[in-house]
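Participant: Mind having a look at this structure? Questions to follow.
The values are calculated or read from the model by the stated rules, or taken from the named source; none is laboratory data. Fair warning: this is a prediction, and the values are worked out from it, not measured in the lab. Cβ coordinates were reconstructed from backbone atoms using ideal geometry, including for glycine residues, and neighbour counts include every protein chain displayed.
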Amino acid sequence: MAGVAPIIELRHVDKFYGQFQALKDVNLTVRTGERMVICGPSGSGKSTLIRCINRLEEHNGGEIFVEGIELNEATSNIRAVRKDVGMVFQQFNLFPHLTVLENLMLGPMRVRKLSKTEAAERARTYLERVRIPEQAEKYPSQLSGGQQQRVAIARSLCMEPRIMLFDEPTSALDPEMINEVLDVMVELAQTGMTMVCVTHEMGFARKVADTMVFMEDGAIVETAPPETFFTNPSSDRCQSFLEQILQH
Amino acid sequence: MTWSRLMRSQSASIIQYLIVVGLISYAAYGGAQSMGYNWQWYRVPQFFWTVKDGQFVWGPLPLGLLNTMILSIVSFVLALLMGFGLAFLRLSKLVIGNAFANVVMELVRNTPILVQVYVFYYVLGPIFDLDRFTASIMALAVFHAALISEIVRAGIVGVKKGQWEAADAIALTRLDVYRYVILPQAIRMVLPAMTSEGIHVLKNSAIVSVIAVAELTTAGRNIISDTFMSFEIWLTIAAVYFVVTVALSASMTVLEKKYAISQ
């Protein structure tokens with residue numbers, strides 16, 4: 001990936017919750033089209049890190065640039081970044097009072113200023129892509145977890161973002177539904193979308209990741225391409241973590 | 001809550017209410033008999049309507065009820081507007097707005113509504129040239145705005161954090177986040193509490209009879225001072241309030257059912 005322009009840059013980022021330091025001097029560069037998978041034990045700061053990229057969390061030190069825009073107090077900067085950065089949550093967070101189609105149309109209509117017809121058309125395109133066009137008129141509560149997560153992915157894609165963030169997208173799912181979501185994510189990776197995923201799905205990571213990142217105690221411990229990462233990680237902590245999650 | 005459970009609980013409470021009312025009426029009737037009260041129920045209908053020269057004429061009770069309704073509806077609408085305003089002030093990061101909202105809340109919650117009505121009519125009335133009807137509306141609206149702001153705030157705070165985050169993540173403006181994501185959910189959540197607040201306004205409106213606003217309770221008082229039929233008239237007035245509030249809460253239940261969201 002060297003030589004390709006960076007699209008996300010974190011420089012010496014710190015994040016505190018009161019006395020507790022969740023991120024410690026984090027430096028990270030994501031390049032256009034790169035697929036990055038972040039893993040690490042719980043409490044290691046993976047979610048905090050990814051949530052700083054669209055400022056759902058405010059960092060307390062250092063700098064974050066997304067597409068050259070600095071994330072700071074300026075609301076216009078934050079919104080500009082969010083327009084181009086999609087996010088998929090562990091708990092789906094679909095809007096329960098809106099139908100699937102309305103969930104997908106809200107952003108395009110209010111933020112991208114599309115007409116109702118255009119937004120509906122776009123929504124149906126992306127529902128097709130996540131393979132649930134027949135659920136358009138239903139409410140989120142009527143869908144299975146896997147279907148809800150695919151709707152959530154489609155909702156982000158409807159904004160036609162340049163970067164997609166995934167915060168443990170399969171952790172809240174029943175085992176039999178994990179693959180339907182991962183399949184959609186693999187397809188998305190194949191389209192060349194820049195992706196940053198926090199996940200423990202190492203099969204998925206091996207399949208799509210360009211870069212693996214291992215975090216512990218709020219710091220990035222290891223950054224490596226998957227070949228090296230899985231076979232020959234340089235840090236002991238990373239090695240023992242991999243042994244634990246790859247045992248089964 | 002399922003529909004059948006709702007029906008069960010509502011009909012159950014109506015039955016309980018009727019039993020209590022029945023017992024009280026029975027006791028009152030017994031007491032009245034023993035004190036030799038002269039029941040004159042036959043004279044009550046004329047206070048609802050009369051027919052003079054073949055012309056249908058509304059009596060003082062329906063006219064009083066009409067004023068009660070106008071008073072309640074106008075006060076409730078104003079209370080809703082002010083209540084939402086106060087709730088947003090309290091949720092905002094504006095220090096002055098926050099302080100203002102808190103002062104209003106504390107003043108309203110820690111003084112009797114009767115005193116508030118007097119303050120609006122006898123103190124603010126002459127200063128701002130308010131007639132009794134306007135003063136009553138203001139007093140009721142401010143009192144209920146304070147209660148409504150608590151309900152609204154609870155509803156907004158009750159919307160899950162993930163909903164704010166999802167709305168933020170698709171780059172909605174703050175206004176759109178409230179308008180399309182948070183308020184629709186918050187309002188559905190607090191609809192039952194709002195309903196009882198609406199009914200509360202209607203019942204509280206009786207208090208403005210102390211400044212002689214021509215509403216239902218005042219109408220009743222005037223009739224009694226003419227006829228001395230206190231038992232019949234007060235029981236009739238109670239029944240009128242009861243019928244109106246039950247009808248209101250039943251129709252709101254239908255509305256709640258219609259807009260319910262399953263999570």
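Participant: Which one of A:VAL66, A:VAL111, A:VAL100 is touching a residue at least 40 places away in the same chain (Cβ under 8 Å), of a type in the set (Val, Ile, Thr) and within 10 Å of chain B (Cβ to nearest Cβ)? Full working, then the answer.
Facilitator: Details: A:VAL66 fails: within 10 Å of chain B (Cβ to nearest Cβ); A:VAL100 fails: within 10 Å of chain B (Cβ to nearest Cβ).
Step by step, each of A:VAL66, A:VAL111, A:VAL100 is checked, and only A:VAL111 is touching a residue at least 40 places away in the same chain (Cβ under 8 Å), of a type in the set (Val, Ile, Thr) and within 10 Å of chain B (Cβ to nearest Cβ).
Participant: Of the residues that make up the stretch B:54-61, is at least one out of contact with any Ser or Thr (no Cβ under 8 Å at 6 or more places or on another chain) and assigned to a helix (DSSP H, G or I)?
Facilitator: Within the stretch B:54-61, one or more residues are out of contact with any Ser or Thr (no Cβ under 8 Å at 6 or more places or on another chain) and assigned to a helix (DSSP H, G or I).
Participant: Filter the stretch A:86-97 down to the residues that are of a type in the set (S, T, N, Q) and in contact with a helix residue (DSSP H, G or I) (Cβ under 7 Å, 6 or more places away or on another chain), then identify the one that is farthest from the other protein chains (Cβ to nearest Cβ).
Facilitator: Let us first name the residues in the stretch A:86-97 that are of a type in the set (S, T, N, Q), namely A:90-91, A:93.
Checking the rest, the ones that are also in contact with a helix residue (DSSP H, G or I) (Cβ under 7 Å, 6 or more places away or on another chain) come to A:91, A:93.
Values: A:GLN91: 5, A:ASN93: 4 Å.
Per the criteria, the residue is A:GLN91.
Matching residues to (1) part of a helix (DSSP H, G or I); (2) at pLDDT 80 or above:
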site: B:SER4; (1), (2): yes, no
site: B:TYR26; (1), (2): yes, yes
site: B:ALA32; (1), (2): yes, no
site: B:TYR37; (1), (2): no, no
site: B:ASN67; (1), (2): yes, yes
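Participant: Among helices (runs of 4 or more DSSP H) lying entirely in the stretch A:65-151, which contain 2 or more residues that are over 18 Å from A:ARG162 (Cα atoms) and either aliphatic (A, V, I, L, M) or modelled with pLDDT of 95 or more (or both)?
Facilitator: Working: elements: A:75-84, A:100-110, A:116-129.
Of the helices (runs of 4 or more DSSP H) lying wholly inside the stretch A:65-151, those with at least 2 residues that are over 18 Å from A:ARG162 (Cα atoms) and either aliphatic (A, V, I, L, M) or modelled with pLDDT of 95 or more (or both) span A:100-110, A:116-129.
Participant: Return the residue satisfying two criteria in turn: it lies in the stretch A:112-129 and is surrounded by fewer than 18 Cβ atoms within 10 Å (Cβ to Cβ) and not polar (S, T, N, Q), and of such residues it is nearest to B:GLU256 (Cα to Cα). Can you show your working first?
Facilitator: The first filter runs over the stretch A:112-129 and keeps only residues surrounded by fewer than 18 Cβ atoms within 10 Å (Cβ to Cβ), leaving A:112-113, A:115-118, A:121, A:124-125, A:128-129.
Adding the requirement that they be not polar (S, T, N, Q) leaves A:112-113, A:116, A:118, A:121, A:124, A:128-129.
Details: A:ARG112: 33, A:LYS113: 32, A:LYS116: 28, A:GLU118: 33, A:GLU121: 32, A:ARG124: 31, A:GLU128: 34, A:ARG129: 36 Å.
Only one residue fits best here, namely A:LYS116.
Participant: Taking the condition without any contact (Cβ under 8 Å) to a residue 24 or more places away in the chain and buried (at least 19 other Cβ atoms within 10 Å of the Cβ), does B:PHE120 pass? Walk me through how you get there before you give the answer.
Facilitator: Working: without any contact (Cβ under 8 Å) to a residue 24 or more places away in the chain: yes; buried (at least 19 other Cβ atoms within 10 Å of the Cβ): yes.
Here the answer is yes, as B:PHE120 does meet what is asked.
Participant: Checking A:LEU56 against (1) more than 9 Å from every other protein chain (Cβ to nearest Cβ); (2) free of Cβ contacts under 8 Å to residues at least 40 places away in the same chain, only one condition comes out false. Which one?
Facilitator: Going through the list (1) more than 9 Å from every other protein chain (Cβ to nearest Cβ); (2) free of Cβ contacts under 8 Å to residues at least 40 places away in the same chain, A:LEU56 breaks only (1).
Participant: Condition first: crowded, with 21+ Cβ neighbours inside 10 Å and not in a loop (DSSP other than H, G, I, E, B). Now tell me which residues in the stretch A:161-181 satisfy that.
Facilitator: A:ILE163, A:MET164, A:LEU165, A:PHE166, A:ASP167, A:VAL181
Participant: Sticking with this structure for a sec: Out of the residues in the stretch A:154-182 meeting the condition of being more than 15 Å from the chain's Cα centre (by Cα) and of a type in the set (D, E, K, R), tell me which one is farthest from the other protein chains (Cβ to nearest Cβ).
Facilitator: Within the stretch A:154-182, the match that is farthest from the other protein chains (Cβ to nearest Cβ) is A:GLU176.
Participant: Sticking with this one: Considering only the stretch A:1-50, how many residues are under 23 Å from A:LYS207 (Cβ atoms) and part of a strand (DSSP E or B)?
Facilitator: Qualifying residue count, the stretch A:1-50: 11.
Participant: Would you confirm, using the coordinates I've provided, whether A:SER76 is more than 12 Å from chain B (Cβ to nearest Cβ), among the hydroxyl-bearing types (Ser, Thr, Tyr) and surrounded by fewer than 21 Cβ atoms within 10 Å (Cβ to Cβ)? Write out each step before concluding.
Facilitator: Values: more than 12 Å from chain B (Cβ to nearest Cβ): no; among the hydroxyl-bearing types (Ser, Thr, Tyr): yes; surrounded by fewer than 21 Cβ atoms within 10 Å (Cβ to Cβ): yes.
In short, no.
Participant: Answer yes or no as to whether B:GLU256 is charged (D, E, K, R), at pLDDT below 90 and within 19 Å of the chain's Cα centre (by Cα).
Facilitator: On the way: charged (D, E, K, R): yes; at pLDDT below 90: yes; within 19 Å of the chain's Cα centre (by Cα): yes.
Yes.
Here's the yes/no breakdown for (1) away from chain B (no Cβ under 13 Å); (2) of a type in the set (D, E, K, R):
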| position | (1), (2) |
| --- | --- |
| A:LYS116 | yes, yes |
| A:ARG131 | yes, yes |
| A:PRO140 | no, no |
| A:GLY146 | yes, no |
| A:ALA152 | no, no |
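Participant: Take A:LYS83 and tell me if it is facing chain B (nearest Cβ under 8 Å), out of contact with any helix residue (DSSP H, G or I) (no Cβ under 8 Å at 6 or more places or on another chain) and in contact (Cβ under 8 Å) with a residue 24 or more places away in the chain. Before the answer, list the steps.
Facilitator: Values: facing chain B (nearest Cβ under 8 Å): yes; out of contact with any helix residue (DSSP H, G or I) (no Cβ under 8 Å at 6 or more places or on another chain): yes; in contact (Cβ under 8 Å) with a residue 24 or more places away in the chain: yes.
Here the answer is yes, as A:LYS83 does meet what is asked.
Participant: I'd like the full set of residues that are charged (D, E, K, R) and under 14 Å from B:VAL208 (Cα atoms), limited to the stretch B:129-147.
Facilitator: Pass one, the stretch B:129-147, residues charged (D, E, K, R): B:129, B:131-132.
Correct list: B:ASP131, B:ARG132.
Participant: Here's a follow-up. For residues in the stretch A:191-225 being without any contact (Cβ under 8 Å) to a residue 40 or more places away in the chain and assigned to a helix (DSSP H, G or I), which is nearest to A:GLU168 (Cα to Cα)?
Facilitator: Here the answer is A:GLY203.
Participant: Can you pull out the residues in the stretch A:37-63 that are of a type outside the set (Lys, Arg), touching an Asp or Glu at 6+ places or on another chain (Cβ under 7 Å) and within 30 Å of A:GLU243 (Cβ to Cβ)?
Facilitator: Kept after step one, since they are of a type outside the set (Lys, Arg), are these residues of the stretch A:37-63: A:37-45, A:47-50, A:52-54, A:56-63.
Then drop every residue that is not touching an Asp or Glu at 6+ places or on another chain (Cβ under 7 Å), which leaves A:40-41, A:44, A:47-48, A:50, A:56, A:59-63.
Of everything in the stretch A:37-63, those that are of a type outside the set (Lys, Arg), touching an Asp or Glu at 6+ places or on another chain (Cβ under 7 Å) and within 30 Å of A:GLU243 (Cβ to Cβ) turn out to be A:GLY40, A:PRO41, A:SER44, A:SER47, A:THR48, A:ILE50.
Participant: Could you check the stretch B:21-75 and list, in sequence order, the residues that are loosely packed, with under 12 Cβ neighbours inside 10 Å and among the polar types (S, T, N, Q)?
Facilitator: Result: B:GLN33, B:SER34, B:ASN38, B:GLN55.
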